[in-house]
Each structure stands twice: as structure tokens, then as C-alpha cells.
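Visitor: Structure in C-alpha cells, see below.
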């Protein structure tokens, strides 16, 4: 791709991102950083985990995003009795209208959509979680000897409730690693909360206009990989990931004290890929160290596993990552 064409695509992507953010602002008040991180994951062709207490408009945010991007959307409410076939679909026997004979026909499950909201994914048993995670990784569903490709683009947003863990099935660390970002949604500011209450209790409903089509999203996703990241930016991302591992010689003393397992190789990959996407969404032609730093918490918080010492002292992974950002020099 020549320089002029790349610049035109980059401008188109940043303009589209601003338009999507403007459309979401019609129904979602505040949460600008959350919206940007959702777009980072989407254009990186990756998946994200949304963590927040009930009532913070997670479902509304995802469904509104699907309308702004003109994508098919399905919400799957995960429950303890949900079976893998309830997600992927299953073969059923139905009569052929022409011959009258009974034939096997595949009925597609809700996973066959562009944007999937896996609501409260930790409320369903591991077998059902694995069915979704396999679809996320392979972008296909296998039933018997037949493989069915999933729509493209395919983007999964899974939600977890952080305050209610009784009767849940927490995702194993190896499965959490499949999510590019863990996005934390906090309470709104006071003035934002007043606007939310006023807007959601009135009669007027806000309309969202589509900004991008599926074909345009696929084209712009390819642009992210072409955004350059200088060697020192890549080195900084790798240094951050390596410094989070207790057995690594570069790990600070607090890592050896508080961390059981540090971030793996995927952390460095997603730090750079996310930095490229963030730069492109903001109209910049190259990823920077600041892009890596701004995404470090979302990329690493579910990849840095604390030990008993940290739990006893009330130390969380976000605090550990903040200290890493202070100690690891760009």
C-alpha cells in the first residue's frame, strides 16, 4: 500500500471512530475510555472481557455499538443449565418438503452473529464456556464431521459481575488469556449520573445511525497490522511483560513477593497490537510508548495472577501494574 492510500485509510478510520463515539454518546453518558478500548479490541480483530457491577449499561453499550457498526448482534445469557448446543447449534431431524424423507438439518445457534454479548459468562459450567471459547479462537463451529464458519467480523464481549461469586464458575487463567482486554467499568461521575437518570426516565429515545458496514470494518482491520511500531516501543512492551514474571531476572522485588504467575507472550503481542489500533483510531501513523502505557492495565490485569501474600495485604493486579509502569523505563 502506498503512502497516500495508507494516509487516506488512516483518516477514514479515525473519522469513523469519532463518528461511532458520537453515536454512542447519544445513549451512553461518559465511559469514553471504555468505548475507545472496545474499538481497540474490535479493530484488532480480538475479544474483550467487560467487568463491572450491575446497572452500568454494559448490555446497552454493546447493543448500541452493534447498531453504530451495522453488525448483527446476539445476546447470550449464561446460566448454570446452558448447554454447548444452546450456543453453537445442533443437528435436528426434519422432513424434506419435496421427498418427505427425514433428513438431518443444522440449526444455527446464537453464536452465528458478528457481535456476541456473552452475559455473565462465569455463571455457566466449564463445558459450555469451552464451546464459546473454541468459537472465539477458531472462528468456526464443528458439529460432527461438518465445520461451519462464523460470520466475519466476529467479536465476542463477555461480561462478569465482580461482586457476586457464589454459584459461579470463574474462567481459568488459560481461558482468560484469550481475551485481548479486560475492560473495567466503574461508577459514573455525579454530573454524569444525573444526566443518565434524567435521560433514561424521560420519553425521548435516542436513535443511533450506522457508521460502518461489516465489509468496511474488515478492510480497516487490515490497516491496523500495517501501522508501524518502532523497535524501542516493542522492546518496552516486552520489558513490561517480562518484568511481571517472578522468575525473570528483571522482575522487581514486589513482583517476587506478590505475583504467582506473570503475563505471558500474548501480553506483549496485545500491547503492541492494541497500541497500533489506539494510534490509528486517533489518526496517528505509528504506535508510541504512551499507547502501550495507556493500555497496560487492560491488557495485563487478567494476566498477572497474584499470590496469597498479595491477597492477605489487599494488593490487586491493577496496583502491581501501576508500580511496574513506574519502574520499567521506556
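Visitor: Separation between the residue 260 and residue 83 pseudo-spin-labels, each 7 Å from Cα along Cα→Cβ, expressed in nm?
Guide: 3.4 nm
Visitor: How far, in degrees from 0 to 90, does helix 3-24 lean away from the longest principal axis of the Cα atoms of the chain, to the nearest 10?
Guide: Tilt of helix 3-24: around 80 degrees.
Visitor: Oh, and also: Going by a ≥ b ≥ c, the root eigenvalues of the Cα gyration tensor, does the stretch 70-120 fall in the rounded group (a/c under 1.5), the prolate group (a/b larger than b/c) or the oblate group? Intermediate values should be presented prior to the final figure.
Guide: Numbers: a/c = 4.98, a/b = 1.91, b/c = 2.61.
Because a/c hits 1.5 or more and a/b fails to exceed b/c, the stretch 70-120 counts as oblate.
Visitor: Helix 58-68 sits at what angle to the longest principal axis of the chain, using alpha carbons and giving 0 to 90 degrees rounded to 10?
Guide: The two axes meet at around 70 degrees.
Visitor: Could I ask something else about it? Which shape class, rounded, prolate or oblate, goes with the stretch 74-179 when its Cα gyration tensor gives a ≥ b ≥ c as root eigenvalues, a/c under 1.5 marks rounded, and past that a/b bigger than b/c marks prolate? All intermediate terms of the calculation are to be shown ahead of the outcome.
Guide: Details: a/c = 2.54, a/b = 1.95, b/c = 1.30.
Since a/c reaches 1.5 and a/b is larger than b/c, the shape of the stretch 74-179 is classed as prolate.
Visitor: So what's the gap between the Cα centers of the stretch 14-82 and the stretch 182-221, to the nearest angstrom?
Guide: 8 Å
Visitor: Still on this structure, please answer the following. Quick one: of the DSSP bridges fully inside the chain, what percent are antiparallel, nearest 5? It would help to have the intermediate numbers written out before the result.
Guide: Numbers: 13 of 31 bridges.
Percent antiparallel among DSSP bridges in the chain is about 40.
Visitor: Calculate the length of the line joining the C-alpha centroid of the stretch 238-262 to that of the stretch 131-145, in whole Å.
Guide: Rounded to whole Å, the Cα centres lie 34 Å apart.
Visitor: With the cut-off at 1.5 for a/c, could you classify the stretch 154-297 from its C-alpha gyration tensor as rounded, prolate or oblate?
Guide: Working: a/c = 2.00, a/b = 1.28, b/c = 1.57.
Note, shape of the stretch 154-297 comes out oblate.
Visitor: From the list [x] 36; [y] 13; [z] 17, can you say which value of percent of Cα pairs over 39 Å apart was derived from the structure given?
Guide: [z]
Visitor: Going by how many other Cβ atoms sit within 10 Å of their own, how do 179, 254, 78 line up, fewest first?
Guide: Numbers: 179 27, 254 15, 78 23.
In order of increasing Cβ crowding within 10 Å: 254, 78, 179.
Visitor: Cα axis of helix 214-226 to longest principal axis of the chain: angle in degrees, 0 to 90, nearest 10?
Guide: Taking Cα atoms only, the helix is inclined about 30 degrees.
Read-outs: derived from the displayed coordinates by stated rules, not from any lab. For clarity, every value in this text was computed on a predicted model and none was experimentally measured. FYI the Cβ positions are ideal-geometry reconstructions off the backbone, even for glycines, and counts take in every protein chain you see.
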